[in-house]
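Chemist: Encoded as C-alpha cells, here's the structure I'll be asking about.
Each value in this text was obtained by applying a stated rule to the coordinates, not by laboratory testing. Only a predicted model underlies this, so the values are computations on that prediction, with no experimental measurement involved. With ideal geometry, Cβ positions are generated from the backbone for all residues, glycine too; neighbour counts draw on all protein chains shown.
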C-alpha cells in the first residue's frame, strides 16, 4: 500500500490540493477551532480523528464552504482562498459527503445523483431535463462503484445506509471532485457495511482523489489513511504520517493516555469487566494488534 | 398484492413485471385523489342525473377552476415545504389594487392590471424573503401577512372608494378587453365554457412540466424534502422558496383578475378562509404537509373534487349546508387512501 502511494506522490507535483495553516474559527465568543494545520494531496487519504466536540464538523464546514474561517490561511491548489458557499467549494473541486444530509430521501436515486448539477437539453424557455442520459449515467456510475441497482427510479430512502453513502461518493467522483470530504461515513453503519464504505474510499483514492476521512474510530481510519490529524477540544493534538504512528498509539492518543488510565482504574474499582480493563490497558501499553471488529483488516 | 407474491414460481418473471407496473401506478402521489374523484363522480351521477349533462359539467369545471388556479400554486409551495395562509386574501388584494388604482387615477384598466401583478408578486416575495431571513415557520409569517392584508383590504378600500366594495370600473377604458381575457364566455358545441377553465388547464400543464422536467422542479422537490441536503449540493434554496411564494402570488393575480372582471367591483372583506380550500385541495391531491412529495395534477384533482362536491349537492337538490361536511369527509378519506397507498408501495 505504501509503495503505490509513494510512487504516486512522486508522479504528482508537490503543491497539495488543499493546505490549511493555523486555521481558526470562532462563533461569537465560542472558539470552535484554533491553529489547525493539515494538507490534502491527490491520491492520498487524510484522516481527521477526534471525539465529539473536537471541532471536526467546524473543520469540514470551513473546507466545504458552509462557514468561512477567520484566522490562518486556507490554500486550494496553492492559492489562498476563503470559501463563502458550498457552490464555491464545489467549483473549486471540493465535494463533501455528509453522514445524514447527503441526499433527499423521498426523491428518486437519479434525481438525487444529479441534484444541483442537472443535465439539460434545449435552450431558453424550452430547457428541459435530459432524463434518459441522467438515468443511464447514474446506473453506470453506480455500477463502476460496484453497486448494481434494479431501478434508479426508486426513492433513495429505500437504500441501505452504506448504499446511500456510496451513491453520494459516486456522485462526487462523477462531478469531477478533486478533493472528497467524508463526514463520519461509517458512524451509523454495521461492520460489513463499514467495510464496503472503506473499500470505496480506497477506490476513490486510486482514482486520484484527495480524500479527507473524518471519523472517531481509529480502527476505520488506520487501514485506509496515509496521514492522521488528531483533534481535541478545537485544537490539533498531532499530525502524523502513517509510518510515524501505529494503530495502538493512534487509539491511545485519541482517547487521551492519562484519561484512559484513569478510566481503567475507575472501572477496576467499580468491579467492572476484567476483560475490558485488560483490553484498555493492553491498548495503552501498545500491545494490542488490530481490533476484532476491524472490517478492513480482511 | 400479497396474493401475487405467493404466485407459483413458473409465472414469476411475468408477475414481477406486472407488480412493478402496478406499484409504480400506486406510487403516484395523486392516486388517492383520482380514486376519490371517480367515486364522487359516479355517486353524483347516480343521485343527480342532471350532473352528467355537458352544461352542468362545465359549471362544475368552472367552480373547480376558481379553486384550482390557486391550488396549483399552493401545491407547488407545499411540495417546496411551506404554507401560505395569506393566499386567500391576497387574491382580493390583487383585485382591489387593479380596480382602486384605475378608478382613483382614471387610467386605462390595463395599467391597474399590470400594477396588480407587481403587487401580487411583491406580496409573494415579501412572504418568502421574511421567511428566509428570519427562519420563522411559514405558518407564522403568512398568518401575519394574512391579517395585515385583511386589514389593508378593508381600510384602503374605505379610504379610497368610501365603501366596503370597490367602485364599479365597468365603464372605464380597457375594461371590455381585460374582461375578454380574464372572464370570457365561450360556446363550444352548445356548451357555455368560461375562460378560467382554460387558464387553469394551461397552468396545470405548465407547472407539471416545470415540476417533472426542469431543473427548478428538481429543486422544488429537494428544498421541500430536505432543505439542508439541497443547500449542501448547491441548490439555491432561498431563491427557490421565494420563487414559490411569488408563484402563489402570480396565481392569486390570475384569480383576482377573474374575480374583478367577472363582475366590475370587488367586496373588500372576501377571500378570508379560502386559503384553507387551496391547502385542502393540495392535500387531497396527495401533497405531503411536510413537503417533498406531491404533484400539480394532484392539486387539480383535489380542486375538481371540491367543485364536484360543491355543485353536486346543488344538483342533487340537497341543502348546501351539507357541503362543508362533505368536504371534511373527502379530506379525511383521501388522505387515508394516500397514506395506505404510500405504505403499500413502500413495502412493494
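Chemist: Per DSSP H run of n ≥ 4, the term is -39500 (n - 2.57); total these for chain B, divide by its residue number, and report the mean residue ellipticity at 222 nm rounded to 500 deg cm²/dmol.
Modeler: Rounded to the nearest 500, the figure is -25000 deg cm²/dmol.
Chemist: Follow-up question, since we're still on this one. Assign one of three labels to chain B, namely rounded, prolate or oblate, based on the Cα gyration tensor with a ≥ b ≥ c the square roots of its eigenvalues; rounded applies when a/c is under 1.5, prolate when it is not and a/b is larger than b/c, and oblate otherwise.
Modeler: oblate
Chemist: Here is a further query. Among rounded, prolate and oblate, which fits the stretch B:105-156 when a ≥ b ≥ c are the square roots of the eigenvalues of its C-alpha gyration tensor, a/c under 1.5 means rounded, and a/b larger than b/c means prolate?
Modeler: Judged from the Cα gyration tensor, the stretch B:105-156 comes out oblate (a/c at least 1.5, b/c at or above a/b).
Chemist: Looking at the protein assembly as shown only, what percent of DSSP beta bridges run antiparallel? Nearest 5 please.
Modeler: Expressed as a percentage, antiparallel bridges in the protein assembly as shown total about 60.
Chemist: I need to check one value: relative contact order of chain B, counting alpha carbon pairs closer than 8 Å and at least 6 residues apart, in percent.
Modeler: Dividing the mean separation by the residue count of chain B yields 35 percent.
Chemist: Can you pull the one-decimal nm distance between simple spin-label points at residue A:37 and residue B:42, each 7 Å off the Cα toward Cβ?
Modeler: Going from the residue A:37 label point to the residue B:42 one covers 7.8 nm.
Chemist: Using only alpha carbon pairs under 8 Å that are at least six residues apart, calculate the relative contact order of the stretch A:54-127 and give it in whole percent.
Modeler: Computed value for the stretch A:54-127: 22 percent relative contact order.
Chemist: Still on this model: Cα axis of helix B:215-225 to longest principal axis of chain B: angle in degrees, 0 to 90, nearest 10?
Modeler: On a 0 to 90 degree scale, this one is about 80.
Chemist: Output the 0 to 90 degree angle, nearest 10, between the alpha-carbon long axis of helix B:54-79 and the longest principal axis computed from the alpha carbons of chain B.
Modeler: Approximately 80 degrees, to the nearest 10.
Chemist: Any chance you could give the angle, 0 to 90 degrees and rounded to 10, that helix B:237-262 forms with the longest Cα principal axis of chain B?
Modeler: Helix B:237-262 sits at roughly 60 degrees to that axis.
Chemist: According to the square roots a ≥ b ≥ c of the eigenvalues of the Cα gyration tensor, what is the shape class of the protein assembly as shown, taking rounded for a/c under 1.5, prolate for a/b larger than b/c otherwise, and oblate for the remainder?
Modeler: Judged from the Cα gyration tensor, the protein assembly as shown comes out prolate (a/c at least 1.5, a/b above b/c).
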